[in-house]
1. Can you show me the helix-derived [θ] at 222 nm for the chain, built from DSSP H runs with n ≥ 4 at -39,500 (n - 2.57) apiece and divided by the number of residues, rounded to the nearest 500.
2. Would you work out the charge dipole size for the chain about its Cα centre, treating the Cβ of every Lys and Arg as +1 and the Cβ of every Asp and Glu as -1, and quote it to the nearest 20 debye?
3. For Asp55, Asp152, Asp77, Asp120, what ranking results if the residue with the fewest other Cβ atoms within 10 Å of its Cβ goes first?
4. Find which of Met48, Leu20, Phe10 sits farthest along the positive direction of the dipole of the chain, computed with +1 on the beta-carbon of Lys and Arg, -1 on that of Asp and Glu, about the Cα centre.
5. Measure nothing fancy, just the Cα-based angle from helix 2-25's long axis to the longest principal axis of the chain, in degrees from 0 to 90, nearest 10.
6. For segment 4-74 and segment 146-166, what is the separation of their C-alpha centers, rounded to whole Å?
7. Treat the count of other C-beta atoms within 10 Å as a stand-in for reagent exposure and order Glu37, Glu112 from fewest to most.
8. By counting other Cβ atoms within 10 Å of each Cβ, how are Ser161, Ser40 ranked from fewest to most?
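Readers should treat all values here as calculations from the given coordinates under stated rules, not as data from a laboratory. This one's a predicted model, so the numbers in the text were calculated from it and none came from an experiment. In this analysis, Cβ positions are derived from the backbone assuming ideal geometry, glycine residues included, and neighbour counts consider all displayed protein chains.
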Amino acid sequence: MRNHFVGHPFRLALATAKLLCVSHLTFTHLIQVSATEGPSMLPSFALMGEWALIDKTARRGRRVTVGDVISYKLPFDPSWRGIKRVIGMPGDYVSISSPGELGEDDVIQVPEGHCWIAGDNLTVSRDSRLFGPLPLALVEGKVLAVLLPWKDKRWIGNGLSPVDNP
């Protein structure tokens, strides 16, 4: 009877250690839950109070395509994070001007190893129009869903649909 109670704390400590290891690996390499705030992604994301589920296996641009919403480190301050929509991938041609200001020299080709990002609310978004193409090394993951508030939970798609050519 005494051996049963001696082993119990050890089994509990071992189970706790396993849980902590699995949790650490999951939230370091697989998924992340992060708060979103700011007006740059209106109307896709609320001004504040929403929590997004991020697929961290898509870091460094893996499996990221045009139209996806990504989480990234800001190039001018890597301690800050942002979320924006991917507008162009390496080799794509994108407009670098603000809405309504297209000129002859306002189209560039996204360089290799970079992507072009923009907020859905272009008038207030600090994005690639400000800091240029984003290095894919700064991509932390792809936003999959909004989890909280619970009543507003939804999947985040890439927003693109096929076009039928007549």
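1. Value at 222 nm, helices only, nearest 500: -5500 deg cm²/dmol.
2. 1360 debye
3. Asp77, Asp152, Asp120, Asp55
4. The Cα lying farthest towards the positive end belongs to Phe10.
5. Approximately 10 degrees, to the nearest ten.
6. 20 Å
7. Going from sparsest to densest Cβ surroundings: Glu112, Glu37.
8. In order of increasing Cβ crowding within 10 Å: Ser161, Ser40.
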